[in-house]
2 protein chains.
Amino acid sequence: MSKSSSSIILDSFDLSILNILQRDNMTPQRVIGEAVSLSAPAVQRRIRRMEEAGIIQANVAVVDPAQVGQTITIFVEVEVISETAELIDAAKREFASVPEVQQCYYVTGEADFVLVIVVPTMTAYEALTRRLFFGNNNVKRFRTFVAMDRVKVGLTVSLPG
Amino acid sequence: MSKSSSSIILDSFDLSILNILQRDNMTPQRVIGEAVSLSAPAVQRRIRRMEEAGIIQANVAVVDPAQVGQTITIFVEVEVISETAELIDAAKREFASVPEVQQCYYVTGEADFVLVIVVPTMTAYEALTRRLFFGNNNVKRFRTFVAMDRVKVGLTVSLPG
DNA sequence: TAGTCGGACGCAAGAATCTTTCGTGTGGGC
DNA sequence: GCCCACACGAAAGATTCTTGCGTCCGACTA
């Protein structure tokens, strides 16, 4: 967990490499090298540098929730009562600590938090709401959107170059 | 791209392996084997089987958007006018085809679509709204939520076992 | 201009990992 | 009781990752 976050400068080689790794990080360095006109060791050094700088945050397998019994994806907008720093931080920590909460954003607008939740059943979701929202005095209101189709899901970032 | 989607049965070994790969798919099979009490080839066979079945959908590097100049994450709820199958499909295809759209869900509730968008600047977002929402006759209304903090971001699925 | 230094490269060797093959053991069905 | 399908582990082979080394290019300095 050594996040230097040195904010290094990326050239077009780095961006091309990222573009490949974003889609398939099992691509051999030799193949990446051929794609960007660089040797395999050069590719490897650049990848390591970007990992150390925190530009590459993780290397993960994407699992299809439906095939492991987690069939329901839900969006929730949460509105809080008091927006003091302490209460917001507490909410952030609480939401982030729940395994079913896949994503949590603190936002501006008509809501304060947006959550992406993945659960096996509606019953499980209901239990979660009771614990997370009704059991939290600072939650004023929340709105639920049940996903009928995960049209596009990814963390891929559109890169220049 | 061979998605058999045979819906194979997963035992607790598979789930443990998925749990590891979800967090770090660069973990050597030997290490995974030690963690789940299996030999490296057995782990490898199970991983390949899950990839072929589509349970493991992809292996990707997670890139920090902020460090590649994509500093703004935005949520958008989109409400359409007509919800015929053709128009919905057209919208799905259009949203999914935009690189800046990281995620797109078709949902029930007060909105029809929820999008997660990552852009470098507000100007870029404005241009995107003009093209994607104002330029689409079937979009009735859309609401924007700008993320101030990406509290938790991932695709990790909470697995039983 | 000449000299020095840092950084990144490619090549090649070594280390580690992945992948396949093969023989064995176990459980279900005939 | 026998056979077959399936998954396993061990070991060998193939591929990939990683490191060491010499070279090259650009920047900075005298």
statement: Given Cβ charges of +1 for Lys and Arg and -1 for Asp and Glu, the option among A:Pro41, A:Asn25, A:Leu115 whose Cα lies farthest towards the positive end of the dipole of the range A:1-115 is A:Pro41
task: Take every residue in peptide A:97-107, count the Cβ atoms of other chains within 10 Å of its Cβ, and give the average of those counts.
output: 6
- request: Would you mind computing, in nm to one decimal, how far apart the modelled labels at A:Glu34 and A:Glu94 are, each placed 7 Å from Cα along Cα→Cβ?
  value: 5.5
task: List the distances, in nm and shortest first, from the label point of A:Ile8 to the matching label points in every other copy, placing each point 7 Å from Cα along the Cα-to-Cβ direction.
output: 3.8
query: If you place +1 on the Cβ of every Lys and Arg and -1 on the Cβ of every Asp and Glu, how big does the dipole about the Cα centre of chain A come out, in debye to the nearest 20?
result: 320
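Find the relative contact order for chain B and round it to a whole percent, using C-alpha pairs within less than 8 Å whose residues are 6+ positions apart.
Relative contact order comes out at 26 percent.
In deg cm²/dmol, rounded to 500, what helix-only [θ] at 222 nm does the protein assembly as shown give when every DSSP H run of at least 4 residues adds -39500 (n - 2.57) and the total is split over its residues?
Numbers: 10 runs with 108 residues, N = 322.
Roughly -10000 deg cm²/dmol at 222 nm, from the helical runs in the protein assembly as shown.
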query: Can you give the convex hull volume per residue for the Cα atoms of the range B:1-79, as a whole number of Å³?
result: 161
statement: Violations at 24 Å Cα threshold for listed pairs A:Lys92/B:Lys140; A:Lys92/B:Lys92; B:Lys92/B:Lys140; A:Lys152/B:Lys140; A:Lys152/B:Lys152 -> A:Lys92/B:Lys140; A:Lys92/B:Lys92
statement: Toy charge model, Lys and Arg Cβ at +1, Asp and Glu Cβ at -1: the protein assembly as shown dipole around Cα centroid in debye, rounded to 20, equals 640
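Above 19 angstrom, tally the Cα pairs of chain A and express them as a % of all pairs, no decimals.
Result for the distance tail: 65 percent.
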message: How big is the range A:12-52 along each principal axis, measuring the range of its Cα positions in Å and listing the largest first?
response: 23, 20, 19
query: Can you give the average number of partner chain beta-carbon atoms within 10 Å of each beta-carbon in peptide B:12-19, as a whole number?
result: 1
- prompt: Once the other residues with Cβ under 13 Å from the Cβ of B:Phe145 are scored (Lys, Arg +1; Asp, Glu -1), what is the net sum?
  reply: -3
- request: Which order do the peptides A:67-80, A:91-104, A:124-137 take when ranked by the mean count of other beta-carbon atoms within 10 Å per residue, highest first?
  value: A:67-80, A:91-104, A:124-137
field: Other-copy label distances relative to A:Ser97, 7 angstrom Cα-Cβ extension, nm
entry: 4.6
- line: Yeah, the range A:65-146 with a ≥ b ≥ c from its alpha-carbon gyration tensor (a/c under 1.5 is rounded, else prolate when a/b outruns b/c, oblate otherwise) is prolate
- prompt: Nearest 0.05, what FRET efficiency do B:Asp24 and A:Thr71 give at R0 = 25 Å with Cβ-Cβ as r?
  reply: 0.45
- line: Between A:Thr108 and B:Glu110, Cβ-based FRET efficiency (R0 22 Å, step 0.05) works out to 0.70
- line: Sequence order, the range B:50-67: Karplus ³J(HN,Hα) from phi using 6.51 cos²θ - 1.76 cosθ + 1.60, θ = phi - 60°, Hz rounded, Gly and Pro as x, gives 6, 5, 5, 7, x, 6, 8, 7, 6, 10, 9, 8, 8, 9, 6, x, 4, 7
query: What shape does the range A:103-143 take by its C-alpha gyration tensor, where a ≥ b ≥ c are the square roots of the eigenvalues and a/c under 1.5 counts as rounded, a/b above b/c as prolate, and the rest as oblate?
result: oblate
- line: Between the alpha carbon centres of the range A:49-68 and the range B:31-51 the gap in Å comes to 19
task: For peptide B:111-119, compute the average count of partner chain beta-carbon atoms within 10 Å of each residue's beta-carbon.
output: 4
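Taken together, the values in this text are just the output of simple stated rules run on the coordinates, not laboratory data. No experiment lies behind these values; they were computed from the predicted model shown. Cβ: placed from backbone, ideal geometry, glycine included. Neighbour counts: every protein chain shown.
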